[in-house]
Amino acid sequence: MTALLDLDDWALSVFADGGLLYSEPAVALETDGGIQFGRAAAAAARIHPRRINQSYLSRLSADPLAQPFRAARNHADLFYHQLLALASAFPVLSSEPVLVLVRSTTTSEQLGLVLGVAGECGIRVGGFVDRSVAALASLGGVGDRICLEMDVDHSEICRARLGTDAVRSAVREFPGTGLNQVLDGWANVIADHFIRHSRFDPLHAAATEQQLYDAVRGWFGRSEPQTSISIEHQQEVRRVEVQTDALELKLLERITPLLQAVDAGKTLCLGPNAASTPLLSALLRRRGLHPLGVTRESVLRYVEQHVSTLCNVDEVRLYTTLPTMQAGTVDGAARSPVPTLVSRAAAPPAKPSAATSRVIVPGRPTHGLHATIAYPIGGADLPRDALGDDPKAGVTIDVGGRLFTLIEVRN
């Protein structure tokens, strides 16, 4: 078995044996007893701002912290303490080889630091995987594709060419367009509503500011935000209703540089963080784009099932070429990447598909391909009314949180 470690500031995650064992923000809070991590630390970020550090995975380096902790002088030290705690809580990290998922803009120096820190924690890294390429490969398709992913303090666009393999071709970073900027923007919109309606400013005191940020962060993972906001202050609950249009306008301000970098009419993969951002998919569709979101679990499951054979602790590599899930084949089997990026281990055989006839994409669709199974259109899994008025073969649609690529099966 290969364990997976997803180095994401928004949701540092551990995945093994088909399940998500841990997924919490990479936030560190210095306490009298040491360092606290994850959701508990994030819940005190506004109350104790001088004792908080975040974004240390994307900023991973040996440079001194602006506000050093007693037990941590740099971002690598913080990563070490959290990774050591994870290795203790989840023994699979030290008992099995680990594949590490990283953002597309991770530098070679940072990869080296991860290797060194992991070694100090008793973790054997067997390779690094570009998370955005994995997201694109898990969706499948053919041709040039784009993945938009958002980190805590920046966003990035990864371009790849998909065929038998998904091959990364370009990466561009957009500083100041991350999830924290979205959070700050929405918090200010809500605070303005409170001030206009009751002269109460929730950003004026640390305790109410924390409540506001906790409420906004709770929106992520939903398609629509909870626009009724309640804040408790001096034993009184204050409420305000915020218009979705105001939130969407603020989101547009934050991500305008991203929209300018993507051509209208393009199919756009949204990485796990971007896909969890409320209002984003609807906003992109109105801008002429076709967003397809992936969940963190689906990306990690793809890596576990189709990339784990590349894990090699004796020859650690960064994989920016990954096997594509093929919509135009019967079994959807993932193929091995190009020889320059693989170990000698062979890819595992794919499970047999329920579609035993010859499958081709052109024409009028008869089935929807999800993972390795072709489901008939009109059945319980893929009702005909979910396809729209004029379904086309080769189009991918979302039905109940599952992605189906429409195909034609000829007997």
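Throughout, read-outs are computed from the coordinates displayed, never taken from laboratory work. Note that this is a predicted model, so its numbers are computed, not measured. With ideal geometry, Cβ positions are generated from the backbone for all residues, glycine too; neighbour counts draw on all protein chains shown.
Using a cutoff of 8 angstrom between alpha carbon atoms and counting only pairs six or more residues apart, the relative contact order for the chain works out to 13 percent.
Each 10 Å bin from 0 upward holds the following percent of the Cα-Cα pairs of the stretch 121-212: 15, 27, 22, 18, 14, 4. Approximating the spin labels as points 7 Å out from Cα along Cα→Cβ, the residue 297-to-residue 214 distance works out to 2.5 nm.
Among 307, 237, 98, whose mean-square fluctuation peaks in a Gaussian network model of the chain (Cα, cutoff 10 Å)? Largest GNM mean-square fluctuation: 237. Distance between the 7 Å Cα→Cβ label points at residue 120 and residue 314: 2.8 nm. Most fluctuating residue of 135, 393, 166 in a GNM of the chain with Cα springs under 10 Å: which is it? Taking springs between Cα atoms under 10 Å, the residue moving most is 393. Of all beta bridges DSSP finds with both residues in the chain, what is the antiparallel percent, to the nearest 5? Percent antiparallel among DSSP bridges in the chain is about 75.
Any idea what % of Cα-Cα pairs in the chain are farther than 41 Å?
Values: 15297 of 84255 pairs.
More than 41 Å apart: 18 percent of the Cα pairs in the chain.
Extension gain, residue 380 to residue 169: 0.36 nm times the residue separation minus the Cα-Cα distance gives 72.0 nm.
Between 386, 72, 207, the residue with the greatest mean-square fluctuation in the GNM of the chain (Cα pairs under 10 Å linked by springs) is 386.
Of the residues 18, 167, 154, the one whose Cα sits farthest toward the positive end of the charge dipole of the chain, with +1 on the Cβ of Lys and Arg and -1 on the Cβ of Asp and Glu, is 167.
Distance from the Cα centroid of the stretch 15-33 to that of the stretch 68-138 is 12 Å (rounded to whole angstrom).
Using a Förster distance of 22 angstrom, determine the FRET efficiency expected from the C-beta separation of residue 188 and residue 238, and round it to 0.05. The value I calculate is 0.85.
All Cα-Cα separations within the stretch 179-246 were binned at 5 Å from zero, giving a P(r) of 3, 17, 32, 29, 13, 5, 1, each value a whole percent of the pairs.
Find how much the distance from residue 207 to residue 285 grows on full extension, using 0.36 nm per residue of separation minus their present alpha carbon separation; answer in nm with one decimal. Mind showing how you got there, number by number?
Values: separation 78, 0.36 × 78 = 28.08 nm, distance 3.72 nm.
Result: 24.4 nm gained on full extension.
Summarising the label geometry, the points placed 7 Å from Cα in the beta-carbon direction at residue 399 and residue 107 lie 4.8 nm from one another.
Rounded to the nearest whole Hz, the Karplus-based 3J(HN,Hα) values (6.51 cos²θ - 1.76 cosθ + 1.60, θ = phi - 60°) of the stretch 149-162 follow the sequence 10, 10, 9, 5, 10, 7, 10, 8, 10, 10, 10, 9, 9, 9, with x at glycine and proline. A simple charge model with +1 on the Cβ of Lys and Arg, -1 on the Cβ of Asp and Glu and nothing else charged puts the dipole of the chain at about 760 debye relative to its Cα centre.
What ranking do 219, 186, 10 get, fewest neighbouring Cβ atoms within 10 angstrom at the top?
Numbers: 219 20, 186 25, 10 28.
Ascending number of Cβ neighbours within 10 Å: 219, 186, 10.
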